[in-house]
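These notes are about the structure you will find just below.
The values are calculated or read from the model by the stated rules, or taken from the named source; none is laboratory data. Note that the structure is a prediction, hence the values are computed from the model and not measured. Because the Cβ atoms are built from the backbone with ideal geometry, glycine has one as well, and the counts that use them run over all protein chains shown. The protein model used for the area step is the full one, side chains on, heavy atoms only, and it has no ligands, DNA or RNA in it. Shrake-Rupley method; radii C 1.70, N 1.55, O 1.52, S 1.80 Å.
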Amino acid sequence: MADADGGDRPEEQGAAGGEDVIDDPIMEQGALVLRGYVMHCISAVDPAMQVSSEDLGGARNEQLDPRMKELVEMMRKKSDVLEQNAELEDLISQVQGNCVQSVFMKVAKSIFNDGITRGRVACLFYLAYKFIYKALTMNHMENIRIIISWVLQFIREQLHTWIAQQGGWEGVVRGISRWRTVTALASVVLVVAFVYYRKSR
């Protein structure tokens, strides 16, 4: 696909960084960017909440690579616009803890129904961060690695070929100048996906 602009209980499907990423540079880097992104977002919204790479299934010092830190920071800045969508924030806040997996999988698929864009990839990361933050605030530490594994599974099954076509994660993150506009448009798609999910239940 082309880029236009560039009531279930969670079940663990492998470790958050395990079989999904072995010997696959796209998956390895995607896992690093995802974990770094989640850590940065949580730190920004709640500095008192300490979350490490190890909590998210990664290695202790994996975020020290300067190039990786730059990618994470760029992804975080380019998805800041999502936090300004009050309707989206309200919809996410209403998700019950016992149906997070069902919501995540169905909404994630809906986001990409009619194509993949960089803004929609940012929405996927943002969705993961919000659900992980929700799990942390509810003291459901056992769920945060599981949510990471869902995202990696989705990337592997749905986005891998497209990411490779962009030149990997550096191409995805660096490949567009009008990120805020693209991500704002994608946030509308995310809201629609949530509304559709609620109506179809």
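Can you pull out the residues in region 1-31 that are open to solvent by 40 Å² or more (accessible area, probe 1.4 Å) and modelled with pLDDT of 50 or more?
ILE22, ASP23, PRO25, GLU28
Go over the candidates LEU71, LEU34, LEU91 one by one and state the one that is at pLDDT below 75 and assigned to a helix (DSSP H, G or I).
Working: LEU71 fails: at pLDDT below 75; LEU34 fails: at pLDDT below 75.
It is LEU91.
Sort out which residues of region 36-74 are farther than 22 Å from ARG174 by Cβ and among the hydroxyl-bearing types (Ser, Thr, Tyr), and write them in order of number.
First, the residues of region 36-74 that are farther than 22 Å from ARG174 by Cβ: 42-43, 45-61.
Within region 36-74, SER43, SER52, SER53 meet the criteria.
Name the pairs: first residue in region 139-159 and farther than 16 Å from ASP55 by Cα, second residue aromatic (Phe, Trp, Tyr) and part of a helix (DSSP H, G or I), Cβ to Cβ under 9 Å, at least 6 apart or on different chains?
PHE154/PHE104
Residues that are surrounded by 21 or more Cβ atoms within 10 Å (Cβ to Cβ) and modelled with pLDDT under 80: which helices (runs of 4 or more DSSP H) entirely in region 96-201 hold 2 or more of them?
Numbers: elements: 100-111, 118-137, 144-154, 160-165, 169-174, 179-200.
The qualifying helices (runs of 4 or more DSSP H) are 100-111, 179-200.
State all residues of region 53-68 that are in a loop (DSSP other than H, G, I, E, B) and either within 18 Å of LEU152 (Cβ to Cβ) or open to solvent by less than 40 Å² (accessible area, probe 1.4 Å) (or both); if no residue qualifies, say none. Give the steps one after another, and end with the answer.
The first filter runs over region 53-68 and keeps only residues in a loop (DSSP other than H, G, I, E, B), leaving 53-61, 65.
Those that are in a loop (DSSP other than H, G, I, E, B) and either within 18 Å of LEU152 (Cβ to Cβ) or open to solvent by less than 40 Å² (accessible area, probe 1.4 Å) (or both): SER53, GLU54, ASP55, LEU56, GLY57, GLY58, ALA59.
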